[in-house]
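The values are calculated or read from the model by the stated rules, or taken from the named source; none is laboratory data. Just so it is clear, the model here is predicted, and its values are computed rather than measured. Note that we place each Cβ from the backbone using ideal geometry, even for glycine, and neighbour counts take in every protein chain shown.
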Amino acid sequence: MRKWTGQVLDLLFPPSLYCYCCGNLIDQTRTYGLCDHCIRHIRWDRGAPLVRDGMVMVRCAEYGIYERSLIFALKYNGHRYIARSIAEMMADRLALTSLEFDVIVPIPMHKAKQRKRGFNHAALIGKYLADRTGKVCLPEALVRTQDTRPMRGLSPTERENNIRGHVSPGPQAGELLGKRVLLLDDFFTTGATARECRRALAQAEPSDVMLLAFAAKY
């Protein structure tokens, strides 16, 4: 019922009329569906990719209030159309780098959580990013084997313990052999999830694993 209601509201009040971040009235010409105020206050990162835990990492923006509001509107309010704009931001960010990749692998979500939410937001962003870049998105290359606790509010050590051993190669992992993998996530904070996903990806023997996050602390 909640998903159906959201779809009806999107028809009555088209998302392009309102800023995806703050909800203020805008028009369809606004970049990424953001009002002037929000697009100025998102802390865009246009620097060179960095290396974290031996993995090249690119972020679109620093982690902050505006960045979190945008992702939360997608994840928890079910505004799926925001995934397309985030994919546009990611594509534009990648265009500023010399990063080369073959496939996109979204961070996996446990099937129970995905049923409850109705979608995996990382996989949805990955689908749109694949459309923009001409690459392949493999949402089932990794699987979450246990419905772990939410990471919010956990210490770095608790995050490591929470995710350790609970990500495995999925049905599409066989397509990663010798490929340059772009691991896609919304946030990068302590890196616990990214590291666990990289460990799981190593079993598929890709040639390289890189990380793209919408927002990150570093």
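Tallying residues that are assigned to a strand (DSSP E or B) and either under 11 Å from P108 (Cβ atoms) or not aliphatic (A, V, I, L, M) (or both) within segment 125-182 yields 8. Would you call I86 hydrophobic (A, V, I, L, M, F, W, C), assigned by TED's automatic domain parsing to the domain that holds A192 and either over 19 Å from V209 (Cα atoms) or touching a Leu at 6+ places or on another chain (Cβ under 6 Å) (or both)? It is true that I86 is hydrophobic (A, V, I, L, M, F, W, C), assigned by TED's automatic domain parsing to the domain that holds A192 and either over 19 Å from V209 (Cα atoms) or touching a Leu at 6+ places or on another chain (Cβ under 6 Å) (or both). The set of residues in segment 54-65 being out of contact with any strand residue (DSSP E or B) (no Cβ under 9 Å at 6 or more places or on another chain) and either surrounded by 19 or more Cβ atoms within 10 Å (Cβ to Cβ) or part of a loop (DSSP other than H, G, I, E, B) (or both) consists of G54 alone.
Might you let me know whether segment 111-131 holds any residue that is more than 24 Å from C21 (Cα to Cα) and modelled with pLDDT of 95 or more? Within segment 111-131 (the criterion being more than 24 Å from C21 (Cα to Cα) and modelled with pLDDT of 95 or more), the answer is no, since none of the residues qualifies. Listed by first and then second residue, the pairs linking a residue in segment 115-140 that is touching a residue at least 40 places away in the same chain (Cβ under 8 Å) to a residue that is polar (S, T, N, Q), with Cβ atoms under 9 Å apart and 6 or more places separating them unless they lie on different chains, are G126/N120; Y128/S85.
Taken over segment 57-68, the residue count meeting the criterion of being closer than 12 Å to D186 by Cα and either touching a Phe, Trp or Tyr at 6+ places or on another chain (Cβ under 8 Å) or not aliphatic (A, V, I, L, M) (or both) is 7.
Among the numbered conditions (1) within 21 Å of F214 (Cα to Cα); (2) modelled with pLDDT of 95 or more; (3) touching a helix residue (DSSP H, G or I) at 6+ places or on another chain (Cβ under 9 Å), the only one that R198 does not meet is (3). D186 meets each of the listed conditions (1) in a strand (DSSP E or B); (2) within 14 Å of F101 (Cβ to Cβ); (3) of a type in the set (D, E) apart from (2). Which of the residues that make up segment 24-46 are modelled with pLDDT under 95, under 21 Å from the mean Cα position of the chain (by Cα) and not in a helix (DSSP H, G or I)? Matches in segment 24-46: R46 only.
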